[in-house]
2 protein chains.
Amino acid sequence: MAIHNIKKPYLLLVGDIDDPRSAKTAFGLRDWTPDACIGQFRFSENAVNLALPDMVPSQAVSAGAKTLVIGIAPAGGQLPNSWHGSIIEALRAGLDVAAGLHQRLSEIPEISTVAVSLGRQIHDVRHTSNKFPVGTGLRRPGRRLLTVGTDCALGKKYTALAISKAMLARGLNADFRATGQTGILISGRGVAVDAVVADFVAGAAEALSPANTAEHWDIIEGQGALFHPAYAGVTLGLIHGSQPDALVLCHDPTRTVMDRFEHMPIVPLDTAIAAYLSAARVTNPKPHFVGISLNTSSMSSSQAESILRETSRSLGLPCVDPIRTGVAAIVDELARLYH
Amino acid sequence: MAIHNIKKPYLLLVGDIDDPRSAKTAFGLRDWTPDACIGQFRFSENAVNLALPDMVPSQAVSAGAKTLVIGIAPAGGQLPNSWHGSIIEALRAGLDVAAGLHQRLSEIPEISTVAVSLGRQIHDVRHTSNKFPVGTGLRRPGRRLLTVGTDCALGKKYTALAISKAMLARGLNADFRATGQTGILISGRGVAVDAVVADFVAGAAEALSPANTAEHWDIIEGQGALFHPAYAGVTLGLIHGSQPDALVLCHDPTRTVMDRFEHMPIVPLDTAIAAYLSAARVTNPKPHFVGISLNTSSMSSSQAESILRETSRSLGLPCVDPIRTGVAAIVDELARLYH
């Protein structure tokens, strides 16, 4: 099975990265799964500081660490050759290694040779190594919520993480299901659906949120957008395989054209809702939207309040900004609809 | 670039296959591209007879052949080891090799070693080896027609081949664009879009039907169906990348549930038309349906006439069965709409 299963806790490799923007994944791991981050592995005092204890691999192993996570994006996307020794040191000390790089660690011979000989796992979470079965469209027990969007990069992962965290805090039975690299590292499990061979995307999504108990919720991280000229196929396969009961639409109200596709307009929210429901009905007879998640980070507090209120009124749905307001209103709506 | 480009003419490898159903691709090649099939390579008199001259590779090379095509499906999908010698014989004689097997010839060491050392090409047309760029959604010159369907396996390839053939016969400027293995072998060019990594399906479709002169038509073979629980993502990526001006809906009027997915109903034709137009509008402002292609092979002549007439009347579109009636009515509609 090609679903990654990464052992926690983690030692986070920072190396000599000194630009916090290049360490976004590491900061995300520290914030979203703090209990799983027991230390940082830095090559110098000038490197980014995650405010975690500094450790070398052998110290991390003594402290209980199971996996070295490369939570940074080196310039050019390639791991510097000078880092190979530190990764091999971690493998020798007893750690698995997980990375979200375009480059596959498992294809760097000096690293993969050591990993294979010691029986360590290498998780290249941006990739999948095996084929999945094709999707079946068969209904399976358990409930599923999928975050969808009017574009890429506007909060689908963050919204899903916030909803699953809020549900767990209320004592509900929920799992976050990761479909992209950062989410996989945060949850320790998942599959990068955009890296799956096209014929098997729906099947991969089915495998990611398998049959469960009737009241259990999978909170599935969405990808792409149905109206996106490059990635809509991934989105549709993920919808069909996830067979969501509930959907949350993520949107950035200041965005009028797609990120890095400026010739593509953002569709109106009601158009998006209708299209997503129509797509979801292929594998779920009764999908519902349970909320709208707006990214209002570039707005003033009063502007944000106003657009949240206005969007909620016009669409008749709870409307939140996960960072500004939290997602309680969406969890309330879930509880109201499914009890 | 990962678009296959196979040199014609072909020597068709039949081997010892004695069941015509296992040689469907070979018969298709003989029928659709007869000028490119200069001989058959059989191991025995009992093998399927394509009614082409029997030749061994060296004879075929003397007659001008460029590529040995494995146009059969061996039991189990694996090439028998006993055939390897004949393929190596073909490579040594000067032929490239093309195959539509699940198994990759390029991963059989004794075959790939010879191919590499002699500089011959191996085309595993069911696979793609390289990544494509992601789709852009940018409009490009030239016109495009895409066949779509209410299900898999109901005539999308046949319809596209018939339309491109009829257009060429009228002196129109058209190219068939293959998206599946048999189509690629027939046209000598194309990409198996369902084997592309999901993020790159739309980009692969863009590469397959590149910018062209204003009056040129690409007639693109469709894949899957928007309502299919396993393959809809492939279909949507192909639509977005193809940015079709014209669409033809393929349908089997006797089918009420999907092939091998009997829990999935076939949607009504008007529902399908609306959904396909909505999907196509993401990358083309004015897509039109120009016809319906029905597979009436299991009907009597009078039943077929009746359903063709009734479908045409109710949808207001030309309705053909490519085998029974030809596709002239669709080419007429194209000529009427785009002149």
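The values are calculated or read from the model by the stated rules, or taken from the named source; none is laboratory data. Keep in mind it's a predicted model, so treat the numbers as computed, not measured. Neighbour counts run over all protein chains shown; Cβ positions are idealised from the backbone, glycine included.
I'm checking my understanding of the structure. Among residues of region A:209-221 that are in a strand (DSSP E or B) and among the aliphatic types (A, V, I, L, M), which one is surrounded by the most Cβ atoms within 10 Å (Cβ to Cβ)?
Per the criteria, the residue is A:I220.
Among the residues that make up region B:156-166, is at least one of them assigned to a loop (DSSP other than H, G, I, E, B) and more than 29 Å from A:R126 (Cβ to Cβ)?
For region B:156-166, residues assigned to a loop (DSSP other than H, G, I, E, B) and more than 29 Å from A:R126 (Cβ to Cβ): absent.
As an exercise: evaluate A:T182 against (1) part of a strand (DSSP E or B); (2) under 23 Å from A:A2 (Cα atoms) and give the number of the one condition it does not meet.
(1)
Where the second residue is surrounded by fewer than 22 Cβ atoms within 10 Å (Cβ to Cβ) and among the aromatic types (F, W, Y) and the first is assigned by TED's automatic domain parsing to the domain that holds B:V61 and closer than 18 Å to B:I88 by Cβ and lies in region B:10-25, which pairs have Cβ atoms under 9 Å and are six or more apart or on separate chains?
Going by the 9 Å Cβ cut-off, the qualifying pairs are B:L13/B:W83; B:V14/B:F43; B:G15/B:F43; B:G15/B:W83; B:D16/B:F43; B:D16/B:W83.
Return yes when B:A65 is surrounded by 22 or more Cβ atoms within 10 Å (Cβ to Cβ) and touching a residue at least 24 places away in the same chain (Cβ under 8 Å) and no when it is not.
yes
Of the residues A:S314, A:S293, A:S297, which single one is assigned by TED's automatic domain parsing to the domain that holds A:P210, surrounded by fewer than 20 Cβ atoms within 10 Å (Cβ to Cβ) and outside any helix (DSSP H, G or I)?
Selected residue: A:S297, the only one of A:S314, A:S293, A:S297 that is assigned by TED's automatic domain parsing to the domain that holds A:P210, surrounded by fewer than 20 Cβ atoms within 10 Å (Cβ to Cβ) and outside any helix (DSSP H, G or I).
Just one of the numbered conditions (1) surrounded by 13 or more Cβ atoms within 10 Å (Cβ to Cβ); (2) free of Cβ contacts under 8 Å to residues at least 24 places away in the same chain is not true of A:I307; which one?
Only one criterion is unmet by A:I307, namely (2).
Given the structure, is B:T235 facing chain A (nearest Cβ under 9 Å) and either under 17 Å from B:H288 (Cβ atoms) or of a type in the set (V, I, T) (or both)?
yes
Can you pull out the residues in region B:53-83 that are in contact with a Pro (Cβ under 9 Å, 6 or more places away or on another chain), at pLDDT 95 or above and part of a loop (DSSP other than H, G, I, E, B)?
Listed by number, the residues that qualify are B:A63, B:G64, B:A65, B:K66.
Which of the residues spanning region A:239-286 are within 9 Å of chain B (Cβ to nearest Cβ) and either closer than 23 Å to A:N212 by Cβ or part of a strand (DSSP E or B) (or both)?
Once the filter is applied, which keeps residues that are within 9 Å of chain B (Cβ to nearest Cβ) and either closer than 23 Å to A:N212 by Cβ or part of a strand (DSSP E or B) (or both), region A:239-286 yields A:I239, A:H240, A:G241, A:Q243, A:M258, A:F261, A:H263, A:M264, A:A279, A:V282, A:T283.
Name the single residue, out of those in region A:172-206 being hydrophobic (A, V, I, L, M, F, W, C), within 9 Å of chain B (Cβ to nearest Cβ) and surrounded by fewer than 24 Cβ atoms within 10 Å (Cβ to Cβ), that is nearest to A:V282 (Cα to Cα).
Looking at the filtered set, the residue picked out is A:V197.
Just to be sure, is B:S164 over 14 Å from the mean Cα position of the chain (by Cα) and of a type in the set (S, T, Y)?
no
Can you find a residue in region B:222-234 that is in contact with an Asp or Glu (Cβ under 9 Å, 6 or more places away or on another chain), in a helix (DSSP H, G or I) and crowded, with 21+ Cβ neighbours inside 10 Å?
Yes, that holds for at least one residue.
How about region B:152-193: which of its residues are touching a residue at least 24 places away in the same chain (Cβ under 8 Å) and at positive phi?
Across region B:152-193, the qualifying residues are B:A153, B:G155, B:G188, B:G190.
Is region A:266-286 home to any residue that is surrounded by 15 or more Cβ atoms within 10 Å (Cβ to Cβ), in the same structural domain as A:E206 (by TED's automatic domain parsing) and of a type in the set (D, E)?
No, region A:266-286 has no match at all.
Mind checking which residues of region A:207-241 are hydroxyl-bearing (S, T, Y) and over 21 Å from B:S278 (Cβ atoms)?
Residues satisfying the conditions are A:S209, A:T213.
Within region B:207-228, which residues are facing another protein chain (nearest Cβ under 9 Å) and out of contact with any Cys (no Cβ under 9 Å at 6 or more places or on another chain)?
B:L226, B:F227
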